[in-house]
Amino acid sequence: MAAARCLALTLLLATLAVPSSAAAQEFPARPVRFVVPYAAGGSGDVLARLLGNKLSALWGQQVVVDDRPGAGGLIGTEFAARAEPDGYTIYLATDGPLTIAATLYKSVPYDWKQDFAPVSMAAVGCQIMLGSPNLPAHDLKEFIALAQQEPGKLNYASIGIGSAPHLGAEMFMSAARVSLTHVPYRGSSAQAIAALIAGDVAMFVVGTSTAVPHVKAGTVLGFAVTSPRRIDSLPDVPTFAEQGFPSVDNSIWFAVLAPGRTPPAIVRKLHDDIAKVVADPDYQTTLALRGFEAQSSTPEQLAAFLERDYLKFRELITKLGLKIE
């Protein structure tokens, strides 16, 4: 009798295991939704469409980019967190709604660790500190000297409190020991760039994918990049590190997550196929033109990276005393 019960249990467990592995082998059998928590036309949207098109070619299924902007990325992120954990909704992650929001906001409608399953990194980049062409300063050293002459007189743009441009500027001010006045533009980086060109603000820290065309056109000044080495698209712009500020290292990254409780076999399938895309020379070249480096990671490596990013920003945000209700 005991042997019969043991055999029945073994058969039951084997039967339960089949749907997961079979689903992974068949995945995807229909279109996949790719949630982006920002507006169309931005770096995240562009990257998601590039990655989505490459995955569509691999899968023979459409990848539908679903831009859901609002509340600093929280709206789209909550939507992805609540989606069915079957692999048919994936999410383009970056620091703002996840590793920053967890400390910045008094309350967030999801748990970034529990409600998401890390899949893979997709791209990494850096930020660049831009200066207004109307300033009597033409490089980082001259800008710092100008800021030190009259603390608080110069101002800087961001796209909102706690945004990557805001925290990047705060990192710089802390390292250089200067004080500037914060002017947030809630609309987009385009508004901040326009204000910089017009001379309404003196400085703006933003991703290279946004800044490169303007620096090349000469409409803004490129003072320093946050990467460990100079970037190919702006070889004449020095790094913060080579100018004596190695702690200003705020990178930009985009990763793919799935809703929490997505079956491990599906997560592995997603990871393996994203890794194939990242190894595609066309994907790499297209990202490089926008100042990004194609990069993949295992789910475990991504989980460890997210934890480090969270701790880094928790320390900075706590030090600055920032909190959004």
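Please work out which residue is surrounded by the fewest Cβ atoms within 10 Å (Cβ to Cβ), limiting yourself to the stretch 41-61 and to residues that are at pLDDT 95 or above and charged (D, E, K, R).
Checked the stretch 41-61; the qualifying residue surrounded by the fewest Cβ atoms within 10 Å (Cβ to Cβ) is Arg49.
A quick yes/no check of all residues on (1) touching a residue at least 12 places away in the same chain (Cβ under 8 Å); (2) buried (at least 24 other Cβ atoms within 10 Å of the Cβ); (3) polar (S, T, N, Q):
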| residue | (1), (2), (3) |
| --- | --- |
| Ile90 | yes, yes, no |
| Ala93 | yes, yes, no |
| Pro109 | yes, no, no |
| Trp112 | yes, no, no |
| Ala123 | yes, yes, no |
| Gln127 | yes, yes, yes |
| Ile144 | yes, no, no |
Scanning the stretch 259-293 for residues that are under 15 Å from the mean Cα position of the chain (by Cα), outside any helix (DSSP H, G or I) and surrounded by 22 or more Cβ atoms within 10 Å (Cβ to Cβ) gives Gly291, Phe292
Does Phe79 satisfy the criteria of being of a type in the set (A, V, I, L, M, F, W, C), modelled with pLDDT of 95 or more and touching a Gly at 6+ places or on another chain (Cβ under 9 Å)? no
Would you say Ser163 is touching a helix residue (DSSP H, G or I) at 6+ places or on another chain (Cβ under 7 Å) and of a type in the set (Ser, Thr, Tyr)? yes
How many residues does the stretch 82-98 contain that are among the β-branched types (Val, Ile, Thr) and modelled with pLDDT under 95? 1
In the list Ala198, Ala217, Ala224, Ala194, which residue meets the criterion of being buried (at least 19 other Cβ atoms within 10 Å of the Cβ) and of a type outside the set (Ser, Thr, Tyr)? Ala224
Taking Asp309, is it part of a loop (DSSP other than H, G, I, E, B), under 17 Å from the mean Cα position of the chain (by Cα) and either touching a residue at least 40 places away in the same chain (Cβ under 8 Å) or more than 22 Å from Tyr91 (Cα to Cα) (or both)? no
Check Tyr38 against each of (1) buried (at least 17 other Cβ atoms within 10 Å of the Cβ); (2) modelled with pLDDT of 95 or more; (3) in a loop (DSSP other than H, G, I, E, B) and name the one condition it does not meet. (2)
Looking at the structure I just gave you, is Ser158 surrounded by 17 or more Cβ atoms within 10 Å (Cβ to Cβ) and in contact (Cβ under 8 Å) with a residue 12 or more places away in the chain? yes
Unique match (being within 26 Å of the chain's Cα centre (by Cα) and closer than 30 Å to Pro85 by Cα) among Val119, Val183, Val215: Val119
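The values are calculated or read from the model by the stated rules, or taken from the named source; none is laboratory data. Bear in mind the structure is a predicted one, so any value in this text is a computation, not a measurement. In this analysis, Cβ positions are derived from the backbone assuming ideal geometry, glycine residues included, and neighbour counts consider all displayed protein chains.
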